[in-house]
Amino acid sequence: MAFEKALDLMRLAEMAAARHKGVCLVEVSAEFGVNLRTAQRMIRGLEDAFPSVEFSTDQDRRRWWKLNDTRVLGMLGIRDSELAALDMSIRRAEREGAAKDVSTLISLRDRLLATMPSSHARRAEVDAGAMLEAQGYACRPGPRVQVEPNILGAIAVAIKAPFSLTIAYRGANDGAAQDRVVEPYGMLLGIRQYLIARDIGNGRAFRRFRLDRIASAKITGQSFARDPDFDLDTYAAQSFGSYHSDVEHKPVIWRFAPSAAAAAREFAFHPNQVVTEEPDGALRVAFTASGWVEMAWHLYQWGDQVEVIAPAELRDLVRGHRRGDVGVLP
């Protein structure tokens, strides 16, 4: 708890230094989710820790606290989570074609890293990269199941450390959530979000835990050694989307009609796909993965412009849903 209070104090000092007028009690209350009495105690702590804090009163008789000596804050550098968030913003701008925003954000990133000692900058970049990699397929647009932010926060810290987690998890056949101790390795973020973790109490096998079925997540403080042979991309490639079933893990072959081949050629349907051009202009896509329902959801968008060659179970699943009146391809 004392550690968290120290972090809150540093965050408050950053706010008081960065904002032109400083901070007022209402802003402190809103930022940290505390009442005004607690906000007053935090301001007193700020004054005790930073004697250079000055206050002023505006025309509405509201008091503002401003930190002018920022030398201590300059020693903090950039947090890996902040650098990761900046990198994700650059990626989003790239996907949206906002070239000017991309160049501006990259310039800001370079300038921030330039202010740090080289060893700290390298460490921050490595940690930020690890966070982005651990998030797997993050920032995927479209609908998604909502997950409590505190659960995501605990998982992110545990993955980075790494620490084991105690999660209260309600499986598909469980009447109520049960505590499980797991070693987290990464996340897959899509419509359904999954934690990839080794289940300590179930043969230490890697499992996918749906985040919407996790009622709580607590860091145990117990570190563990990562399996050096585990690769998140390889693990994720077992499936078409985020759902996995060993029973459904089979070779998949789709044939796109010549009229849809150009559009299909723009897609990477699977990391290990093999694409073949047919003499009539059709496009054949082959890969091995599971998740037939997610495949069917995607194939529906192509109407009758795609044919499932294999597996037979997937072909039967989509047979009644191949529409010819879908006028726009994905």
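The values are calculated or read from the model by the stated rules, or taken from the named source; none is laboratory data. On a predicted model such as this, the values are computed, not experimentally measured, just so you know. For neighbour counting, all protein chains shown are included, and Cβ atoms are generated from backbone atoms with ideal geometry for every residue, glycine included. These area figures cover heavy atoms from the full protein model, side chains too; ligands, DNA and RNA do not enter into them. Shrake-Rupley method; radii C 1.70, N 1.55, O 1.52, S 1.80 Å.
Among the residues making up region 6-21, those that are in contact (Cβ under 8 Å) with a residue 12 or more places away in the chain and farther than 14 Å from Val53 by Cα are Asp8, Arg11. The set of residues in region 1-46 being more than 18 Å from Asn68 (Cα to Cα), among the small types (Gly, Ala, Ser), open to solvent by 60 Å² or more (accessible area, probe 1.4 Å) and part of a helix (DSSP H, G or I) consists of Ala2, Ala30. When we screen Leu299, Leu317 for residues that are touching a Lys or Arg at 6+ places or on another chain (Cβ under 9 Å) and either of a type outside the set (Lys, Arg) or not in a helix (DSSP H, G or I) (or both), the only hit is Leu299.
Note on region 152-200: residues that are buried (at least 20 other Cβ atoms within 10 Å of the Cβ) and either aliphatic (A, V, I, L, M) or in contact with a Cys (Cβ under 6 Å, 6 or more places away or on another chain) (or both) amount to 12.
For region 308-326, state whether one or more residues are at pLDDT below 95, buried (at least 18 other Cβ atoms within 10 Å of the Cβ) and β-branched (Val, Ile, Thr). Looking for residues that are at pLDDT below 95, buried (at least 18 other Cβ atoms within 10 Å of the Cβ) and β-branched (Val, Ile, Thr), one finds at least one in region 308-326, hence yes. Report, ordered by the first and then the second residue, all pairs with beta carbons closer than 7 Å, sequence separation of six or more or different chains, a first member in region 316-327 that is farther than 13 Å from Val293 by Cα, and a second member that is open to solvent by less than 80 Å² (accessible area, probe 1.4 Å) and acidic (Asp, Glu). Pairs that qualify, where the first residue is farther than 13 Å from Val293 by Cα and the partner is open to solvent by less than 80 Å² (accessible area, probe 1.4 Å) and acidic (Asp, Glu), are Arg322/Asp304; Arg323/Asp304; Gly324/Asp304.
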